[in-house]
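K.L.:
Just passing along the structure, written as structure tokens.
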Amino acid sequence: MRLALCICPQWSVQTPSFAIGSLKSHINNKDVEVDQVDLNIRSSLYTKEKNIEKFWDWGNDTPWNSEANFKDNILPHFKDLWHEYIEILSTYDVVAFTTYTSNIITTDYIARYLKEKNRNIQIWYGGPYSWYSDCSGLVENDNYREFVDVACGSGDGEKIISELVNRYMEDGHYENVKGIYRWDKMTPSFPTVLKKGRSGRKPVFNGGVLPQNLNELEIPSWDTKVIDDYKKLAELFDLEVTLPMQTSRGCTFKCTFCSETRLYRYKNNEKIVDEMKGLENKTGINNFWFTDSLINGSMPLFKKFINKLEEETESGNIPKMYWGGHFRTHKKLDGELLSRAVNVGLNYMNVGVENGVNKILALMEKGQTSDDVSHFLKSAHESNVFYNANWIPGYPKENHMDFMLQLKFLYDNHKYFENNGLLNLMQSTDILDHTPLDV
């Protein structure tokens, strides 16, 4: 069997997909040929080849997540390239897509054409878009994605993909594979969307899976071609390639605007350092982006991680590593700890500051105060670590006085942004289904 792990634009141009790297490492059937097709990086390189300068800001979701913009402003530029890859992908038995809100329109476009060209091809969806969608993405706005055969839920994808591949190979179906949505009938499968009941099929959930022990996961692996493409793009655009890693999954907090409520789990520090060392040896890249929802979800564990890196670096067991990811403010995240972290490679923090007004922070249920936010900004300034402070204006129940207090807070703390900090102004607040904010 031939299986392609595919990610479509829009996604990062500096960091390969963690999903396609980790999933490949866990497909252990010798009768399955697994290829990684990073259509995201190929599309980005294509912009350089064709001098399409309007897409230099690849990290901007707009216009990727608007159907009208996709049709008018995206498709005319990339249609020829994508259809070359559709021809290639249509020869596979299975194409598994990693989906995000930023790439679901592109993914749907590719997947529908694949099903049209090859009615027998299996289309599997997974990733964050599937985690939070109706029937993991088989259903959207009462329309059935008939061209998708399997959609993975919010369980750990490595465990699911391994069982899914083996069962489909041996049985020709996947009725007993946990963690997936499927159709009650495998056929008919249409290359389109249909209203409920039109095809005579309905989505079925096979039941959840037990959480994955992160210490048992294999090190992610990327095809040489994928890594080479990211290095090539980095050279062309004067960027730096970072490799994705995970130290934990889930989150220890439940902000009212957020749907990340999966069980919080973490790897031991020995495994984390071994993975960093192994990836650096294999790829020559020593810059890492931790995909964790929250690197410092546990402050005691974060401190032990810094201790471990200090120990390994001082003893010469590992070369200097550079790393960064998502953080939240915390009273114990002080200048002394951050300075130590910087000394062992911390070079970027994406921090969920969100606001500087106690009323708004309380509505968000952030578990922090404006003093905590100011304390973090001061600590980051002292340690000279580069950081993005994410800020959400216009939160529901915010009034004009709250807005003025935000401006006052930023004015009072502006000195902490002078050398190494940016205020990342969020465009709006997404209302995610079933979150407290939605309710």
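K.L.:
Using a 1.4 Å probe on the protein heavy atoms, what percent of the accessible area of segment 80-238 belongs to carbon and sulfur?
P.N.:
45 percent
K.L.:
What GluC sites (Glu not before Pro) in segment 135-208 are in a loop by DSSP, with at most 15 other Cβ atoms within 10 Å of the Cβ?
P.N.:
Taking segment 135-208 and a limit of 15 other Cβ atoms within 10 Å, the loop GluC sites (Glu not before Pro) found are E175.
K.L.:
Solvent-accessible area of H375, probe 1.4 Å, all protein chains present, reported in Å² to the nearest ten, please.
P.N.:
The accessible area comes out at roughly 70 Å².
K.L.:
Normalised by the number of residues in segment 242-310, what is the relative contact order in percent for Cα pairs under 8 Å and 6+ residues apart?
P.N.:
43 percent
K.L.:
Compute the acute angle (0 to 90°) between the alpha-carbon long axis of helix 39-49 and the principal axis of greatest extent of the alpha-carbon atoms of the chain; round to the nearest 10°.
P.N.:
80 degrees
K.L.:
If you don't mind, there's one more thing I want to ask. In terms of the Cα gyration tensor, with a ≥ b ≥ c the square roots of its eigenvalues, is segment 80-183 rounded because a/c is under 1.5, prolate because a/b exceeds b/c, or oblate?
P.N.:
It comes out oblate by the Cα gyration axes.
K.L.:
Sequence-distant or interchain residues sharing an amide H contact under 5 Å with M245, placed H: which?
P.N.:
It is W289, F290, T291, by chain and number.
K.L.:
Relative contact order, percent, of segment 58-122 when contacts are C-alpha pairs under 8 Å separated by at least 6 residues?
P.N.:
Here the relative contact order equals 40 percent.
K.L.:
Rank these by accessible area, largest first, 1.4 Å probe: K282, K30, K303.
P.N.:
My answer, sorted largest first, is K30, K282, K303.
K.L.:
Still on this structure, I have one more. Provide the solvent-accessible area of W131, counting protein heavy atoms only and rolling a 1.4 Å probe, rounded to the nearest 10 Å².
P.N.:
About 70 Å², rounded to the nearest 10.
K.L.:
Also, I was wondering about something else. Based on DSSP H runs of at least 4 residues, each adding -39500 (n - 2.57), what is the mean residue ellipticity at 222 nm of the chain after dividing by all its residues, to the nearest 500 deg cm²/dmol?
P.N.:
-11000 deg cm²/dmol
K.L.:
Leaving out ligands, DNA and RNA, and with a 1.4 Å probe, what % of the accessible surface on segment 286-350 is carbon or sulfur?
P.N.:
47 percent
K.L.:
Then there is this: Stretch N420-N384 to full length: gain in nm at 0.36 nm per residue minus the Cα-Cα span?
P.N.:
Contour length minus the Cα-Cα distance gives 12.4 nm.
K.L.:
Probe 1.4 Å, all protein chains in place: accessible area of C6 in Å², nearest 10?
P.N.:
0 Å²
K.L.:
Using DSSP to call loops (not H, G, I, E or B), can you name the trypsin sites (Lys or Arg not before Pro) in segment 230-279 whose Cβ has at most 16 other Cβ atoms within 10 angstrom?
P.N.:
Those that pass, being in a loop and sparsely packed, are K254, R262.
K.L.:
Next up: Hey, what do the phi angles of segment 13-25 turn into as Karplus ³J(HN,Hα) couplings, whole Hz, using 6.51/-1.76/1.60 and θ = phi - 60°, x for Gly and Pro?
P.N.:
After applying 6.51 cos²θ - 1.76 cosθ + 1.60, I find 9, 10, 10, x, 5, 4, 4, 5, x, 6, 4, 4, 5 Hz.
K.L.:
OK, next. Please list, by residue number, every one of the trypsin sites (Lys or Arg not before Pro) in segment 351-406 that is coil in DSSP and has at most 13 other beta-carbon atoms within 10 Å.
P.N.:
Here the trypsin sites (Lys or Arg not before Pro) that fit, given the DSSP loop and packing criteria, are K397.
K.L.:
Could you grab the relative contact order for the chain? Cα pairs under 8 Å, six or more apart, rounded to a whole percent.
P.N.:
Once divided by the residue count of the chain, the mean separation gives 12 percent.
K.L.:
Using a 1.4 angstrom probe on the protein heavy atoms only, could you order T106, T252 from most to least accessible area?
P.N.:
Sorted by accessible area, descending: T252, T106.
K.L.:
Another question, then. For q = 0.31 Å⁻¹, what log10 I(q)/I(0) does segment 274-331 give under the Debye formula with an equal point scatterer on each alpha carbon and no solvent?
P.N.:
With no solvent term, the Cα-only Debye profile gives -1.30.
K.L.:
In nm, what is the difference between 0.36 nm times the number of residues separating V342 and I52 and their Cα-Cα distance?
P.N.:
100.7 nm
K.L.:
Mind running the shape call on segment 13-171? Use the C-alpha gyration tensor, a ≥ b ≥ c as the square roots of the eigenvalues: rounded below 1.5 for a/c, prolate if a/b tops b/c, oblate otherwise.
P.N.:
The shape class here is prolate.
K.L.:
Here's a follow-up. Name the residues whose placed amide hydrogens come within less than 5 Å of the amide hydrogen of E33, ignoring near sequence neighbours (fewer than 5 apart) on the same chain.
P.N.:
R2, L3
K.L.:
Find the accessible area per residue for segment 65-174; the probe is 1.4 Å, ligands and nucleic acids are left out, and the unit is Å².
P.N.:
With all protein chains present, segment 65-174 gives 39 Å² per residue.
K.L.:
A follow-up question, please. So in the chain, which Cys have no other cysteine's beta-carbon sitting under 4.7 angstrom from theirs?
P.N.:
Cysteines lacking a close Cβ partner in the chain: C6, C8, C135, C152, C251.
K.L.:
For the chain, what mean projected area does the convex hull of the alpha carbons give, in nm²?
P.N.:
21.4 nm²
K.L.:
Could you give the size of the charge dipole of segment 324-439 about its Cα centre, using +1 on the Cβ of each K and R and -1 on the Cβ of each D and E, expressed in debye and rounded to the nearest 20?
P.N.:
The dipole magnitude comes to about 260 debye.
K.L.:
Taking amide H positions as placed 1.01 Å from N in the peptide plane, with prolines and chain starts having none, which residues 5 or more places from V353, or on another chain, fall under 5 Å of its amide H?
P.N.:
Under 5 Å from the amide H of V353 lie the amide H atoms of N390, each far enough along the sequence or on another chain.
K.L.:
Restricting the count to DSSP beta bridges whose residues both fall in the chain, what percent are antiparallel, rounded to a multiple of 5?
P.N.:
Within the chain, antiparallel bridges account for around 25 percent of the total.
K.L.:
Round to the nearest 10 and give me the degree value, 0 to 90, for the angle of helix 269-283's Cα axis relative to the longest principal axis of the chain.
P.N.:
60 degrees
K.L.:
Where does each of Y46, Y132 land when they are ordered by accessible area, with a 1.4 Å probe and the largest first?
P.N.:
Sorted by accessible area, descending: Y132, Y46.
K.L.:
Determine ³J(HN,Hα), in whole Hz, for all residues of segment 374-385 in sequence, where each value follows from phi through the Karplus function 6.51 cos²θ - 1.76 cosθ + 1.60 and θ = phi - 60°; x replaces Gly and Pro.
P.N.:
5, 4, 5, 4, 5, 5, 5, 5, 5, 7, 6, 8
K.L.:
Provide the per-residue ³J(HN,Hα) series for segment 412-418, in order, calculated from phi with Karplus coefficients 6.51, -1.76, 1.60 and θ = phi - 60°, each as a whole number of Hz, with x at glycine and proline positions.
P.N.:
5, 10, 4, 5, 7, 9, 4
The values are calculated or read from the model by the stated rules, or taken from the named source; none is laboratory data. Just so it is clear, the model here is predicted, and its values are computed rather than measured. Cβ sites come from the backbone with ideal geometry, for glycine too, and all protein chains shown count toward neighbours. Protein only, heavy atoms only, side chains kept; ligands, DNA and RNA dropped before computing areas. Shrake-Rupley method; radii C 1.70, N 1.55, O 1.52, S 1.80 Å.
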